[in-house]
1. Using only DSSP helix segments of four residues or longer, with each worth -39500 (n - 2.57), what per-residue ellipticity at 222 nm results for the chain after dividing by its residue count and rounding to 500?
2. Near residue 135, within a Cβ-to-Cβ distance under 13 Å, what is the net charge of the other residues, with Lys and Arg +1 and Asp and Glu -1?
3. Residue separation times 0.36 nm, minus the C-alpha to C-alpha distance between residue 220 and residue 279: what's the value?
4. Keeping every protein chain in place, order 188, 124 by accessible area at 1.4 Å, biggest value first, i.e. largest first.
5. As a test question: what accessible area, to the nearest 10 Å², does residue 153 have when a 1.4 Å probe is rolled over all protein chains in place?
6. Under 5 Å between amide hydrogens, which residues at least 5 positions from residue 108 or on another chain qualify, with H placed 1.01 Å from N in the peptide plane?
7. What size of dipole, in debye to the nearest 20, comes out for the chain about its Cα centre when the only charges are +1 on Lys and Arg C-beta atoms and -1 on Asp and Glu C-beta atoms?
8. Greater than 29 Å separation of Cα atoms is the criterion. Which listed pairs, 15/208; 194/245; 208/257, meet it?
Amino acid sequence: MTAETVLTTPAVAGKDLDAIAAILRGRRTAVLTGAGVSTDSGIPDYRGAGAPVRVPMTFQTFLADERARKRYWAGSHLGWHRFRAAEPNLGHRSLVTLEGAGLVSGVVTQNVDGLHTRAGSRHVVDLHGSMDLVVCLSCGQAFGRDSIAARLEAHNPVLADPDQVEIAPDGDAIVVDIDDFVVPDCSVCGGLLKPNVVFFGELVPTGKFTAASALVRAADALIIAGSSLAVNSGIRLLELARRRKLPIVVINRGVTKGDGRAQIKLEAGTSETFAGLVTRLIES
(Lines give C-alpha, C1' and ligand atoms only; values in the text may rest on other atoms or scores of the structure.)
Protein backbone atom coordinates (compact mmCIF):
# COMPACT_ATOMS: atom_id res chain seq x y z
CA MET A 1 0.00 0.00 0.00
CA THR A 2 1.21 3.52 -0.69
CA ALA A 3 0.16 6.94 0.49
CA GLU A 4 -2.59 8.54 -1.57
CA THR A 5 -0.20 11.36 -2.46
CA VAL A 6 3.58 11.41 -2.10
CA LEU A 7 5.09 14.89 -2.40
CA THR A 8 8.86 14.88 -2.90
CA THR A 9 10.60 18.23 -3.05
CA PRO A 10 14.09 19.53 -2.17
CA ALA A 11 12.32 22.52 -0.62
CA VAL A 12 8.66 22.72 0.22
CA ALA A 13 6.74 23.81 -2.85
CA GLY A 14 3.74 26.10 -2.50
CA LYS A 15 1.42 23.57 -4.11
CA ASP A 16 2.47 20.91 -1.60
CA LEU A 17 1.73 23.21 1.32
CA ASP A 18 -1.58 24.15 -0.30
CA ALA A 19 -2.54 20.48 -0.47
CA ILE A 20 -1.77 19.91 3.21
CA ALA A 21 -3.45 23.16 4.26
CA ALA A 22 -6.59 22.12 2.39
CA ILE A 23 -6.78 18.95 4.48
CA LEU A 24 -6.13 20.70 7.79
CA ARG A 25 -8.22 23.84 7.32
CA GLY A 26 -11.15 23.87 9.76
CA ARG A 27 -9.82 20.85 11.68
CA ARG A 28 -8.19 20.64 15.11
CA THR A 29 -5.01 18.73 14.50
CA ALA A 30 -2.93 16.58 16.84
CA VAL A 31 0.79 16.42 16.07
CA LEU A 32 3.16 13.53 16.76
CA THR A 33 6.81 14.56 16.54
CA GLY A 34 10.09 12.67 16.41
CA ALA A 35 13.79 13.43 16.25
CA GLY A 36 13.55 15.05 12.81
CA VAL A 37 11.79 18.05 14.36
CA SER A 38 14.85 18.82 16.49
CA THR A 39 17.62 18.42 13.90
CA ASP A 40 17.44 22.12 13.04
CA SER A 41 18.27 22.78 16.70
CA GLY A 42 21.50 20.81 16.34
CA ILE A 43 20.26 17.58 17.92
CA PRO A 44 21.05 14.61 15.64
CA ASP A 45 18.47 12.25 14.20
CA TYR A 46 19.69 8.77 15.02
CA ARG A 47 17.48 7.00 12.47
CA GLY A 48 17.59 9.39 9.54
CA ALA A 49 19.49 8.93 6.31
CA GLY A 50 23.23 8.94 6.97
CA ALA A 51 22.89 8.51 10.72
CA PRO A 52 25.52 6.21 12.27
CA VAL A 53 24.56 2.75 13.48
CA ARG A 54 23.72 3.06 17.16
CA VAL A 55 23.23 0.42 19.85
CA PRO A 56 20.95 2.03 22.44
CA MET A 57 21.07 1.32 26.13
CA THR A 58 18.40 -1.15 27.18
CA PHE A 59 16.65 -0.99 30.52
CA GLN A 60 17.77 -4.54 31.32
CA THR A 61 21.45 -3.71 30.70
CA PHE A 62 21.20 -0.49 32.69
CA LEU A 63 19.94 -2.42 35.70
CA ALA A 64 22.28 -5.39 35.47
CA ASP A 65 25.65 -4.11 34.22
CA GLU A 66 27.53 -1.58 36.39
CA ARG A 67 30.20 -0.87 33.76
CA ALA A 68 27.56 -0.28 31.09
CA ARG A 69 25.73 2.00 33.50
CA LYS A 70 28.90 4.02 34.08
CA ARG A 71 29.49 4.36 30.34
CA TYR A 72 25.88 5.39 29.85
CA TRP A 73 26.07 8.13 32.49
CA ALA A 74 29.30 9.50 31.01
CA GLY A 75 27.77 9.75 27.54
CA SER A 76 24.41 10.91 28.84
CA HIS A 77 26.08 13.69 30.81
CA LEU A 78 27.76 15.09 27.73
CA GLY A 79 24.56 14.64 25.73
CA TRP A 80 22.65 16.55 28.40
CA HIS A 81 24.96 19.53 27.97
CA ARG A 82 24.26 19.45 24.24
CA PHE A 83 20.51 19.26 24.80
CA ARG A 84 20.58 22.09 27.31
CA ALA A 85 22.46 24.34 24.87
CA ALA A 86 19.98 23.68 22.04
CA GLU A 87 17.29 26.25 21.27
CA PRO A 88 13.79 25.74 19.81
CA ASN A 89 13.81 26.10 16.04
CA LEU A 90 11.36 27.48 13.49
CA GLY A 91 9.37 24.25 13.50
CA HIS A 92 8.84 24.32 17.27
CA ARG A 93 7.88 27.99 17.18
CA SER A 94 5.50 27.48 14.26
CA LEU A 95 3.66 24.76 16.19
CA VAL A 96 3.25 27.22 19.08
CA THR A 97 1.68 29.70 16.64
CA LEU A 98 -0.65 27.04 15.23
CA GLU A 99 -1.69 26.00 18.74
CA GLY A 100 -2.33 29.60 19.73
CA ALA A 101 -4.63 29.97 16.73
CA GLY A 102 -6.63 26.90 17.79
CA LEU A 103 -5.47 24.84 14.80
CA VAL A 104 -3.22 22.44 16.73
CA SER A 105 -4.80 20.85 19.78
CA GLY A 106 -1.56 19.51 21.20
CA VAL A 107 1.76 17.81 20.57
CA VAL A 108 2.74 14.26 21.42
CA THR A 109 6.52 14.05 21.19
CA GLN A 110 8.87 11.09 21.15
CA ASN A 111 11.73 13.51 21.85
CA VAL A 112 13.24 13.95 25.32
CA ASP A 113 14.86 17.35 24.69
CA GLY A 114 12.03 19.50 26.11
CA LEU A 115 12.18 21.91 23.16
CA HIS A 116 8.42 21.96 22.51
CA THR A 117 7.78 23.14 26.06
CA ARG A 118 10.63 25.64 25.96
CA ALA A 119 9.25 27.04 22.70
CA GLY A 120 5.92 27.71 24.43
CA SER A 121 3.65 24.83 23.43
CA ARG A 122 1.02 24.53 26.16
CA HIS A 123 -0.29 21.00 25.60
CA VAL A 124 2.67 18.63 25.28
CA VAL A 125 2.73 14.91 26.05
CA ASP A 126 6.38 13.84 26.36
CA LEU A 127 5.72 10.22 25.52
CA HIS A 128 9.27 9.02 26.25
CA GLY A 129 9.99 11.30 29.19
CA SER A 130 12.37 14.23 29.51
CA MET A 131 16.12 14.49 30.05
CA ASP A 132 15.72 17.37 32.51
CA LEU A 133 14.68 15.05 35.34
CA VAL A 134 16.37 12.11 37.07
CA VAL A 135 14.38 9.61 39.15
CA CYS A 136 15.28 7.08 41.82
CA LEU A 137 14.20 3.56 40.85
CA SER A 138 13.81 2.61 44.52
CA CYS A 139 11.92 5.44 46.23
CA GLY A 140 10.66 7.44 43.23
CA GLN A 141 12.30 10.71 44.31
CA ALA A 142 12.82 13.09 41.37
CA PHE A 143 15.84 15.36 40.96
CA GLY A 144 16.57 18.20 38.57
CA ARG A 145 19.14 17.16 35.99
CA ASP A 146 21.34 20.16 36.80
CA SER A 147 21.85 18.97 40.38
CA ILE A 148 22.83 15.47 39.24
CA ALA A 149 25.12 16.93 36.58
CA ALA A 150 26.90 18.97 39.26
CA ARG A 151 27.41 15.85 41.38
CA LEU A 152 28.72 13.89 38.37
CA GLU A 153 31.27 16.58 37.59
CA ALA A 154 32.33 16.87 41.24
CA HIS A 155 32.89 13.10 41.49
CA ASN A 156 34.48 12.75 38.02
CA PRO A 157 37.02 15.42 37.05
CA VAL A 158 37.62 13.29 33.93
CA LEU A 159 34.50 14.86 32.42
CA ALA A 160 36.28 18.19 32.27
CA ASP A 161 39.40 16.70 30.61
CA PRO A 162 38.88 16.38 26.85
CA ASP A 163 41.93 14.10 26.55
CA GLN A 164 40.21 11.53 28.73
CA VAL A 165 36.85 11.60 26.95
CA GLU A 166 36.35 10.39 23.38
CA ILE A 167 33.14 11.46 21.67
CA ALA A 168 31.64 8.79 19.43
CA PRO A 169 29.86 9.68 16.16
CA ASP A 170 26.43 9.25 17.77
CA GLY A 171 27.20 11.78 20.49
CA ASP A 172 27.88 9.15 23.14
CA ALA A 173 31.18 9.21 25.03
CA ILE A 174 33.90 6.73 25.83
CA VAL A 175 35.63 7.46 29.13
CA VAL A 176 39.13 6.00 29.23
CA ASP A 177 39.17 5.16 32.94
CA ILE A 178 35.66 3.79 33.32
CA ASP A 179 36.46 1.70 36.42
CA ASP A 180 37.01 4.81 38.53
CA PHE A 181 33.96 6.61 37.19
CA VAL A 182 31.48 7.42 39.99
CA VAL A 183 27.74 7.49 39.41
CA PRO A 184 25.77 9.38 42.09
CA ASP A 185 23.12 7.46 43.99
CA CYS A 186 19.86 8.73 45.43
CA SER A 187 20.54 11.21 48.23
CA VAL A 188 17.28 10.15 49.91
CA CYS A 189 17.54 6.34 50.00
CA GLY A 190 20.81 5.42 48.28
CA GLY A 191 18.94 3.82 45.37
CA LEU A 192 19.79 3.64 41.68
CA LEU A 193 19.24 6.83 39.68
CA LYS A 194 18.02 6.89 36.08
CA PRO A 195 17.25 9.77 33.69
CA ASN A 196 13.50 10.17 33.36
CA VAL A 197 13.41 8.75 29.84
CA VAL A 198 12.05 5.51 28.44
CA PHE A 199 14.84 3.07 27.54
CA PHE A 200 14.56 0.30 24.97
CA GLY A 201 12.93 -2.66 26.66
CA GLU A 202 10.97 -0.36 28.97
CA LEU A 203 7.27 0.37 28.54
CA VAL A 204 5.87 3.86 28.01
CA PRO A 205 4.12 4.78 31.29
CA THR A 206 0.41 4.04 31.07
CA GLY A 207 -0.57 7.58 32.03
CA LYS A 208 1.56 9.06 29.26
CA PHE A 209 0.09 6.82 26.59
CA THR A 210 -3.44 7.44 27.87
CA ALA A 211 -2.89 11.20 27.57
CA ALA A 212 -1.47 10.82 24.06
CA SER A 213 -4.37 8.62 22.98
CA ALA A 214 -6.90 11.09 24.39
CA LEU A 215 -5.32 13.88 22.34
CA VAL A 216 -5.58 11.83 19.13
CA ARG A 217 -9.16 10.77 19.91
CA ALA A 218 -10.21 14.39 20.36
CA ALA A 219 -8.57 15.56 17.14
CA ASP A 220 -9.96 15.90 13.62
CA ALA A 221 -6.62 15.19 11.90
CA LEU A 222 -3.14 13.89 12.71
CA ILE A 223 0.26 15.13 11.55
CA ILE A 224 3.29 12.89 12.06
CA ALA A 225 6.45 14.97 11.74
CA GLY A 226 10.10 13.97 11.80
CA SER A 227 9.51 10.39 12.91
CA SER A 228 10.25 7.14 11.09
CA LEU A 229 7.69 5.48 13.40
CA ALA A 230 10.19 2.78 14.30
CA VAL A 231 8.91 2.76 17.89
CA ASN A 232 5.72 0.86 18.66
CA SER A 233 4.06 3.68 20.63
CA GLY A 234 4.03 5.90 17.53
CA ILE A 235 2.50 3.15 15.39
CA ARG A 236 -0.24 2.62 17.98
CA LEU A 237 -1.20 6.30 17.82
CA LEU A 238 -1.16 6.17 14.01
CA GLU A 239 -3.45 3.16 14.07
CA LEU A 240 -5.80 4.92 16.48
CA ALA A 241 -6.10 7.79 14.02
CA ARG A 242 -6.54 5.43 11.06
CA ARG A 243 -9.33 3.50 12.79
CA ARG A 244 -11.10 6.79 13.46
CA LYS A 245 -10.69 7.62 9.75
CA LEU A 246 -8.81 10.83 10.52
CA PRO A 247 -6.84 12.48 7.72
CA ILE A 248 -3.17 11.63 8.33
CA VAL A 249 -0.26 13.71 7.03
CA VAL A 250 3.32 12.40 7.33
CA ILE A 251 6.18 14.92 7.05
CA ASN A 252 9.59 13.26 7.06
CA ARG A 253 12.78 13.04 5.07
CA GLY A 254 12.95 9.33 4.37
CA VAL A 255 10.66 6.33 4.52
CA THR A 256 8.42 5.81 7.54
CA LYS A 257 6.28 2.90 8.64
CA GLY A 258 3.24 5.14 8.27
CA ASP A 259 3.68 6.13 4.61
CA GLY A 260 1.13 3.63 3.34
CA ARG A 261 -1.51 4.84 5.78
CA ALA A 262 -1.08 8.57 5.14
CA GLN A 263 -3.35 10.67 2.99
CA ILE A 264 -0.29 12.77 2.15
CA LYS A 265 3.39 11.93 2.67
CA LEU A 266 5.69 14.95 2.28
CA GLU A 267 9.42 14.40 1.87
CA ALA A 268 10.63 17.67 3.35
CA GLY A 269 11.97 19.32 6.48
CA THR A 270 9.58 19.99 9.32
CA SER A 271 10.68 23.57 10.08
CA GLU A 272 9.93 24.98 6.65
CA THR A 273 6.76 22.91 6.37
CA PHE A 274 5.22 24.13 9.64
CA ALA A 275 6.27 27.70 8.86
CA GLY A 276 4.56 27.39 5.48
CA LEU A 277 1.39 26.10 7.12
CA VAL A 278 1.36 29.11 9.45
CA THR A 279 1.42 31.34 6.36
CA ARG A 280 -1.44 29.51 4.68
CA LEU A 281 -3.68 28.78 7.64
CA ILE A 282 -3.24 31.93 9.74
CA GLU A 283 -1.58 34.74 7.85
CA SER A 284 -3.38 34.34 4.52
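1. Numbers: 9 runs with 97 residues, N = 284.
For the chain, the value works out to -10500 deg cm²/dmol.
2. Details: positive: 145, 194; negative: 132, 185, 202.
Around residue 135, the surrounding residues sum to -1.
3. Details: separation 59, 0.36 × 59 = 21.24 nm, distance 2.05 nm.
Full extension from residue 220 to residue 279 adds 19.2 nm.
4. Numbers: 188 95, 124 40 Å².
Solvent-accessible surface, decreasing: 188, 124.
5. About 80 Å², ignoring ligands and nucleic acids.
6. The list, which skips near neighbours in sequence, is 31, 32, 33, 125.
7. Numbers: 30 positive and 30 negative charges, 303 e Å.
Dipole of the chain, to the nearest 20 debye: 1460 debye.
8. Values: 15/208 36 Å; 194/245 39 Å; 208/257 22 Å.
Check vs 29 Å cut-off fails for 15/208; 194/245.
The values are calculated or read from the model by the stated rules, or taken from the named source; none is laboratory data. If you're wondering where the values come from, they're calculated on a predicted model, not measured in any experiment. For neighbour counting, all protein chains shown are included, and Cβ atoms are generated from backbone atoms with ideal geometry for every residue, glycine included. Surface areas here come from the heavy atoms of the whole protein model, side chains and all, with no ligands, DNA or RNA. Shrake-Rupley method; radii C 1.70, N 1.55, O 1.52, S 1.80 Å.
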